1. Each residue of the stretch 77-93 in turn: what ³J(HN,Hα) in whole Hz from Karplus with 6.51, -1.76, 1.60 and θ = phi - 60°, glycine and Pro shown as x?
2. Please work out the Cα convex hull volume for the stretch 25-87 and give it in Å³ per residue.
3. Given springs between every Cα pair under 10 Å in a Gaussian network model of the chain, which of PHE34, PHE13, PHE98 has the largest fluctuation?
4. Filter the trypsin sites (Lys or Arg not before Pro) in the stretch 26-105 to those in DSSP coil with at most 11 other Cβ atoms within 10 Å of their Cβ, and list the result.
5. For the chain, what % of the accessible area comes from carbon and sulfur atoms, probe 1.4 Å?
6. Output the relative contact order of the stretch 51-145, whole-number percent, from Cα pairs under 8 angstrom with separation of 6+ residues.
7. Give the Rg/Rh ratio for the chain, taking Rg as the radius of gyration of the Cα atoms and Rh as the Kirkwood radius, to two decimals.
8. Of GLU54, GLU23, GLU132, which is the most mobile in a GNM of the chain whose springs link Cα atoms less than 10 angstrom apart?
Amino acid sequence: MNTRQIDYITEDFYESLSFMDGELPDLDAVRELFYEDGLLINMSFGKPITYSTESFIRALQDQISDGQLTQFMQRELYAKTDIFGRVAQRTSVYEYSFAYHETENAPKGVNYIQFVQVDDLWRITSTIWSDEGTNFRVPKELTNG
């Protein structure tokens, strides 16, 4: 089972959302990584926050325009990918920071990303994530520790 293309797509996804002060995220890349309109669900709060690819991009653009979001860094720390035929599921542990250069003790979370292979290319169909909370932490088995 070769997960190399999925590894690259996941890395591209995190990199496309990351940007330094005075720059913008590569939101066109986000569009290209998703199959059709995609589905993104944030479970970090009390209720699910659900987006299509386009509504997610608009929400980010609004936060940047309003000055609520001036920089952001997100990167994968650990991953496990399962592939069956032309579908795949990736468990991706990430860390993030709103101060691009500060990564020591950065908050973490888990992202479950689903993929389909269309015309020999893998694309994201959906992603659902949750940041760590007061009552729950990323399990040790998902951090290689």
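The values are calculated or read from the model by the stated rules, or taken from the named source; none is laboratory data. The shown structure was predicted, so the numbers you read here are calculated from the model rather than taken from an experiment. Reconstructed Cβ throughout: ideal geometry from the backbone, glycine too, with neighbour counts over all protein chains shown. The protein model used for the area step is the full one, side chains on, heavy atoms only, and it has no ligands, DNA or RNA in it. Shrake-Rupley method; radii C 1.70, N 1.55, O 1.52, S 1.80 Å.
1. Karplus values, whole Hz, x for Gly and Pro: 9, 7, 8, 9, 10, 10, 10, 9, x, 10, 10, 8, 10, 10, 9, 10, 8.
2. Given the Cα convex hull of the stretch 25-87, per-residue volume reads 135 Å³.
3. Result for the chain, Cα springs under 10 Å: PHE98 fluctuates most.
4. Those satisfying the criteria are ARG86.
5. 48 percent
6. 21 percent
7. Rounded to two decimals, Rg over Rh is 0.95.
8. So, out of GLU54, GLU23, GLU132, the one fluctuating most is GLU23.
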